[in-house]
2 protein chains.
Amino acid sequence: MFLSKSCVYAIRAALLVTSRTNKRTRDFIPLQEIAAELNLSFHFLTKILQQLTQAKIMESFRGPRGGVLLAKPASSVYLIDIIKVVDGMGAFEDCVLGLPDCSEKAPCPLHREWKKRRQELRKMFERYTLADLARGKRVLNLKN
Amino acid sequence: MFLSKSCVYAIRAALLVTSRTNKRTRDFIPLQEIAAELNLSFHFLTKILQQLTQAKIMESFRGPRGGVLLAKPASSVYLIDIIKVVDGMGAFEDCVLGLPDCSEKAPCPLHREWKKRRQELRKMFERYTLADLARGKRVLNLKN
DNA sequence: AAGATATAAGACTCTTTAATCTTAAATTAT
DNA sequence: ATAATTTAAGATTAAAGAGTCTTATATCTT
């Protein structure tokens, strides 16, 4: 998997929060509901989303009527923001052959080619926002 | 990591075997030597290269003067062949969001984009052979 | 035939990632 | 105030990937 499971769950949850958010009322969305819809453990989801709230991508609120909400408009949350928090940027920076000494000056045989491709991937995640992906999707099937 | 560590080691080992092979004598290359140069455990390497010999990418020979050798010319061993054996093709087929139901008919929000990119990656691994990558490299630093 | 050398195969251990469970803290509603 | 609801935090367990170790088998050399 290019992205870790945790990262993928974070993105799915963010997508769900996006599509669930009522722009007028901005009620918090309980993690129980998100976990149920994504079909994954509530406590596990909790830990993942904590990373997003700590990174100020989401904000959370405790107690009855609590939950999470995007901290900013979905149109300004890029997928790369989430990836950076959960997985880090290693996938877009490391040598494809895992060689620690591979660099511009001492490139591994695949260096040039891989660099091109991984930049394309990075651009893709830098280009799309939660709003882009939630848009137009009548039914988002995000279950496992 | 896009490729597993085992897969990366398999590629590195194959690259080393390629660059070490004397086309005239075609002596087998002992795994001890390969392990030493790649700086990884002999027994671990053994298991990885067994996959390649079982897949007929390499051939092996036991006893003194034994070792491994490419089963065919380096110019006809594509990186994808090795990846297919060690990691399988999941990386080039699965949904980037890990959704089992994502398909052409019911695509996830990133489906189209990801498909393009992963095809590019696949093409890259389908294009390069061991000979391509071993060529011209005076010193291959394949150590961890 | 015997000893040395080398891969094969499988059991075992360690590390990382994934997932669960328990307790604490915050907030609301009554 | 008290009880109910909800996230936070940390401990614990499970599963998968990575790596090691032991024993078996094949082959060469003497």
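Each reported figure results from applying straightforward, stated rules to the coordinates on display, with no laboratory input. From a predicted model like this one, the values you see are computed outputs, not experimental measurements. Note: ideal-geometry Cβ built from the backbone for every residue, glycine included; neighbour counts use all protein chains shown.
Set the Förster radius R0 to 30 Å, insert the Cβ-Cβ distance between A:A55 and B:K115 as r into 1/(1 + (r/R0)^6), and round the FRET efficiency to 0.05.
On the way: r = 29 Å, r/R0 = 0.97.
Approximately 0.55, to the nearest 0.05.
Calculate log10 I(q)/I(0) of chain B for q = 0.13 Å⁻¹, where I(q) comes from the Debye formula with a single equal point scatterer on each Cα and nothing for solvent.
Summing over Cα pairs of chain B leads to -0.62.
Mind checking the mean number of beta-carbon atoms from other chains within 10 Å of the Cβ atoms in B:77-84?
On the way: counts 0, 0, 3, 0, 0, 0, 0, 0.
Taking all residues of B:77-84 together, the mean is 0.
Long-range amide H contacts for B:C108: which residues qualify at under 5 Å (H placed 1.01 Å from N, peptide plane, sequence gap of 5 or more or a different chain)?
Here B:S103 satisfy the definition.
Tell me the label-point distance for the pair A:K123, B:M89, using the 7 Å Cα-to-Cβ offset, in nm and rounded to one decimal.
Calculated label separation equals 2.7 nm.
Quick one: with label points 7 Å out along Cα→Cβ, list the inter-copy distances for A:L69 in nm, shortest first?
Here A:L69 shows inter-copy label distances of 7.2 nm.
Output ³J(HN,Hα) for the stretch A:40-50: one whole-Hz value per residue in order, computed from phi by the Karplus curve 6.51 cos²θ - 1.76 cosθ + 1.60 with θ = phi - 60°, and x for Gly and Pro.
Couplings: 9, 4, 4, 5, 5, 4, 3, 5, 5, 5, 4 Hz.
Ignore the peptide's own chain and count Cβ atoms of other chains within 10 Å of each Cβ in A:96-109; give me the average, rounded.
Counting other chains' Cβ atoms within 10 Å and averaging over A:96-109 gives 5.
Out of the GluC sites (Glu not before Pro) in the stretch B:13-103, which ones are loop residues according to DSSP with at most 13 other C-beta atoms within 10 Å? Don't jump to the answer; show the numbers that get you there.
On the way: sites: B:E33, B:E37, B:E59, B:E93; in loops: B:E93.
Hits after loop and neighbour filter: B:E93.
For chain B, modelled as a GNM with alpha-carbon contacts under 10 angstrom, which of B:I11, B:I80, B:I48 fluctuates the most?
B:I48
Note down the magnitude of the dipole of the stretch B:86-138 about its Cα centre, charges +1 on Lys and Arg C-beta and -1 on Asp and Glu C-beta and zero elsewhere, to the nearest 20 debye. Intermediate values should be presented prior to the final figure.
Working: 12 positive and 9 negative charges, 88 e Å.
Roughly 420 debye, rounded to the nearest 20.
What net charge do the residues around A:L49 carry, taking every other residue with its C-beta under 12 Å from that of A:L49, with Lys and Arg at +1 and Asp and Glu at -1?
Details: positive: A:R12, A:K47; negative: A:E59.
Computed value for this residue: +1.
Can you list, shortest first in nanometers, how far B:N39 lies from the same residue in the other copies, with each label 7 Å from Cα toward Cβ?
Its label point is 4.4 nm from the equivalent points in the other copies.
Expressed as a whole number of Å, what is the distance separating the alpha-carbon centroids of the stretch A:10-27 and the stretch A:100-126?
34 Å
With each run of n ≥ 4 DSSP H residues scored as -39500 (n - 2.57), what mean residue ellipticity at 222 nm is computed for chain B after dividing by its residue count and rounding to the nearest 500 deg cm²/dmol?
On the way: 6 runs with 67 residues, N = 144.
Result for chain B: -14000 deg cm²/dmol, rounded to the nearest 500.
Evaluate peptide A:110-120: per residue, the Cβ atoms of other protein chains within 10 Å of its Cβ; return the mean as an integer. Intermediate values should be presented prior to the final figure.
Details: counts 8, 0, 0, 7, 3, 0, 2, 7, 3, 0, 5.
Mean inter-chain Cβ contacts per residue within 10 Å come to 3.
Please list, in order along the stretch B:113-124, the HN-Hα scalar couplings obtained from phi with the Karplus expression 6.51 cos²θ - 1.76 cosθ + 1.60 (θ = phi - 60°), rounded to whole Hz, x for Gly and Pro.
Values, residue by residue: 5, 4, 4, 4, 5, 6, 5, 4, 4, 4, 4, 4 Hz.
Using the 7 Å Cα-to-Cβ label point, sort the distances from A:K143 to its equivalents in the other copies shortest first and give them in nm to one decimal.
Those label-point separations list as 5.3 nm.
Could you work out Rg/(2.2 N^0.38 Å) for the protein assembly as shown, with Rg from alpha carbons only?
1.21
Using the Cα centre as the reference, give the magnitude of the dipole from point charges on the C-beta atoms of chain A (Lys, Arg: +1; Asp, Glu: -1; all else neutral), rounded to the nearest 20 debye.
Values: 25 positive and 14 negative charges, 109 e Å.
Taking the Cα centre of chain A as origin, the dipole is about 520 debye.
Would you please give the FRET efficiency between A:E104 and B:R20, computed as 1/(1 + (r/R0)^6) with r the Cβ-Cβ distance and R0 = 30 Å, to the nearest 0.05?
On the way: r = 27 Å, r/R0 = 0.89.
That pair, A:E104 with B:R20, gives E of 0.65.
For a quick check of your reading of the filter: which trypsin sites (Lys or Arg not before Pro) in the stretch B:42-144 sit in a DSSP loop and have no more than 15 other Cβ atoms within 10 Å?
Working: sites: B:K47, B:K56, B:R62, B:R65, B:K84, B:K105, B:R112, B:K115, B:K116, B:R117, B:R118, B:R122, B:K123, B:R127, B:R135, B:K137, B:R138, B:K143; in loops: B:K56, B:R62, B:R65, B:K105, B:R135, B:K137, B:R138, B:K143.
In loop regions of the stretch B:42-144 (DSSP not H, G, I, E or B), the sparsely surrounded trypsin sites (Lys or Arg not before Pro) are B:K56, B:R62, B:R65, B:K105, B:R135, B:K137, B:R138, B:K143.
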